[in-house]
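Notes follow the structure.
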Amino acid sequence: MLTLYQLEGCPYCELVADRLDELEIDYDSVWVEGLHSKRDEVKRVSGQRQVPVVVDEEYGVTMAESERILDYLETTHA
């Protein structure tokens, strides 16, 4: 199962969510706070507060940055 940590209105998060939908990958969304200082949950799982972050439990992968995530999705799930 994949988990996508995202922020409402974040274009980079939307790119990742759209690609997950195109690939028909089931995922859970975790909506994070707008203020970086309030993003404790995403910091706990990824070590930083930026979004998007994907956690892929099947492969034991946690990663940030939309371009890296999109490349990862293409190589492992496409």
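The values are calculated or read from the model by the stated rules, or taken from the named source; none is laboratory data. It should be emphasised that the depicted structure is a prediction, and the values quoted were computed from it without experimental measurement. The accessibility values were calculated without ligands, DNA or RNA, using every heavy atom of the protein model including side chains. Shrake-Rupley method; radii C 1.70, N 1.55, O 1.52, S 1.80 Å.
What accessible area per residue, rounded to a whole number of Å², is obtained for the chain using a probe radius of 1.4 Å?
Values: 4840 Å² over 78 residues.
Heavy-atom SASA per residue in the chain reads 62 Å².
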In angstroms, what radius of gyration and Dmax does the chain have, counting Cα atoms only? 11.5, 35
In the chain, what percent of the accessible surface is made up of carbon and sulfur (1.4 Å probe, ligands and nucleic acids excluded)? 44
Rounding to the nearest 10 and keeping the result within 0 to 90°, find how far the Cα-based axis of helix 66-77 lies from the longest principal axis of the chain. 30
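Please work out how much length the chain gains when fully extended from Arg44 to Glu74, using 0.36 nm per residue of separation minus the C-alpha to C-alpha distance, in nm with one decimal.
Residue separation times 0.36 nm, minus the Cα-Cα distance, leaves 8.2 nm.
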Would you mind telling me the antiparallel percentage of the DSSP bridges in the chain, rounded to 5? 60
For the chain, what is the relative contact order in percent, using Cα pairs closer than 8 Å and at least 6 residues apart in sequence? 35
